[in-house]
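The values are calculated or read from the model by the stated rules, or taken from the named source; none is laboratory data. The structure displayed is predicted, hence computed values, not measured ones. Cβ placement follows ideal geometry from the backbone for every residue including glycine, while neighbour counts extend to all protein chains displayed. Keep in mind that these areas ignore ligands, DNA and RNA; they rest on the heavy atoms of the full protein, side chains included. Shrake-Rupley method; radii C 1.70, N 1.55, O 1.52, S 1.80 Å.
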Amino acid sequence: MTLRLLPVLLPLSLLSVACTDTEEKDLDDGTGEETTDDTTDSGTPSTDAPTWHADVQPIMATHCTRCHYDGGLGPSDFTDLDTVKALAPAMRGSMDAGQMPPAAADPGCRDYEGSEHLTLPDSAAATFSAWVDADMPEGEPGEAVETVQIKDTLDDPDAVLMMEAPYTPTYEDPSNPGNEYRCFAVEAGELAGQSITAMAPVVGNNQLVHHIVLFTMPSESLTEDMRDPAGWDCIDGMGSDSLDGMLTAWAPGMLPIEFPEGTGLAIEPDHHIVVQMHYFYNGPETDGASDQSGYAFHVADGPVSPVFMAPVGDFSFAIPPGATDYTSTDTFENSFLDLQVLGMFPHMHQLGTWFNAVIKHDDGTETCLVDGAYSFDNQMTYQFKEPAEFKQGDSVEFTCTWDNSEGTNTVTYGERTDEEMCFFFTFVTL
């Protein structure tokens, strides 16, 4: 098999994210023993059942409402008690089935920012279940506790770059119904010659936006068609060999990318930002709907160590029809410089079930980077709390696993969602 370090990213296929994690709450079962259940051994409801204000609202605020709020990327508004009450049985069913939160990397491999929000301990699910069994009492507003809410937006950006004009998708590609890949060239403006230290999308219409990918391109390489505010079709490539490389990729639910202090991703002078939008058809209610999205940035106020995006992928796999657990493994050797790995974004399509990446050091030791069950609906850039050393002579072993048990054809590499990918988009610094 061949592993290649890509200069640019081909179109991705990404989807949205549900909400996540909860906080642990101990309850008294009436016998003096602490338990996470709200019933006694006889099944009688405890007088100390959890309440909305003291227990469930903090769970929602801390872990779910970054997506599930009025106008948010997730369906329904989990800041509203009546809404949560109406959906509580379904929410509990999703927790019990392991569907809420969606699959994410195991922080025991390598811990990452926000990991405490993306995994659900059994005791937290039991707290929510106990509240439902107790007929979802509201409690007193004074019982509310202070919570830390994570955000999917960037506070006080130094620069915001937007598509020049609204665009209405047409979904005219017969080989990819209901999907459209559209690219827009945006002047780098005040970003030109600067280094990005943090970035997050500004989504114009979350009912249409499936994913966003950013690239850079020399301004002199833009054709007249590329300068059109309506953009150009880019399902089969970006339409230019002049792309310098990928800056970042985003799917709904991802947290803002924030690089460690003293590092940044450089934007060369006299360059444009190419914004690749993947739009998807979301039902008749979105017929004729338009979008005007962009990206927000923090920039460095002085010299920083450079950050690079290194998309590494496997192109030679062939997933047989009927295969339930097909795995492809390959390696990439660092023959360049001593590096630090800051974060990693594993990516497959709808058949993906598991990912793993491990650094194999020259001295025979190993460092785990990412490992976990893969969900097409919960794709994340895992930003490591501590960088991983990736020295010259070390190699990274990448593994992707797919389930093609219901398929009747061999599935190989491709850009559309009925094809597959095995990529690990990696942020590194010197």
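Summarised as an ellipsoid, segment 295-396 has semi-axes of 27, 20, 12 Å, derived from the eigenvalues of the Cα gyration tensor scaled by 5 and square-rooted, with the largest first. Protection proxy ranking for 77-86, 204-213, 295-304, 316-325, using the average of other Cβ atoms within 10 Å per residue and placing the highest first: 204-213, 295-304, 77-86, 316-325. Sketch the reach of a paramagnetic label on residue 221 as a point 7 Å from Cα along Cα-to-Cβ, and name the residues of segment 181-196 whose backbone nitrogen lies under 15 Å away. What the label zone holds, given the 15 Å backbone N cut-off, is 184-186, 188. Per-residue extension of 0.36 nm, minus the Cα-Cα distance of residue 244 and residue 162, leaves a gain of 27.5 nm for this segment. Shape of segment 248-295 from its Cα gyration tensor (a ≥ b ≥ c, root eigenvalues): rounded if a/c is under 1.5, otherwise prolate when a/b > b/c, or oblate? Verdict is oblate for segment 248-295.
Other residues with beta-carbon under 9 Å from the beta-carbon of residue 219 carry, at +1 per Lys or Arg and -1 per Asp or Glu, a net charge of -3. When nucleic acids and ligands are ignored and a 1.4 Å probe is applied, residue 247 ends up with an accessible area of around 10 Å². Net length available on complete extension from residue 116 to residue 80 is 10.6 nm, with 0.36 nm assigned per residue and the Cα-Cα distance removed. Rounded to the nearest 20, the size of the Cβ-charge dipole of segment 93-191 about its Cα centre is 400 debye, with Lys and Arg at +1 and Asp and Glu at -1. Taking amide H as placed 1.01 Å from N in the peptide plane, the amide H of residue 310 sits under 5 Å from that of 426, 427, 428, each at least 5 places away or on another chain. Which FRET efficiency, nearest 0.05, do residue 335 and residue 261 yield, Cβ-Cβ r, R0 51 Å? Rounded to the nearest 0.05, the efficiency is 0.95. A simple rule links phi to the HN-Hα coupling: the Karplus curve 6.51 cos²θ - 1.76 cosθ + 1.60 with θ = phi - 60°, which for segment 322-333 gives x, 6, 9, 8, 8, 10, 10, 10, 8, 10, 10, 9 Hz, with x for Gly and Pro. For segment 225-230, putting each phi into the Karplus relation 6.51 cos²θ - 1.76 cosθ + 1.60 with θ = phi - 60° gives couplings of 4, 5, 7, 5, x, 7 Hz, in residue order, rounded to whole numbers and with x for Gly and Pro. Applying 1/(1 + (r/R0)^6) with r as the Cβ-Cβ distance of residue 413 and residue 190 and R0 = 56 angstrom yields a FRET efficiency of 0.90.
For residue 245, the amide hydrogen comes within under 5 Å of the amide hydrogens of 216, counting only partners 5 or more places away or on other chains and with H modelled in the peptide plane.
Rounded, prolate or oblate for segment 204-359? Axes are the square roots of the Cα gyration tensor eigenvalues, ordered a ≥ b ≥ c, and the cut-off for rounded is a/c under 1.5. In terms of gyration-tensor shape, oblate.
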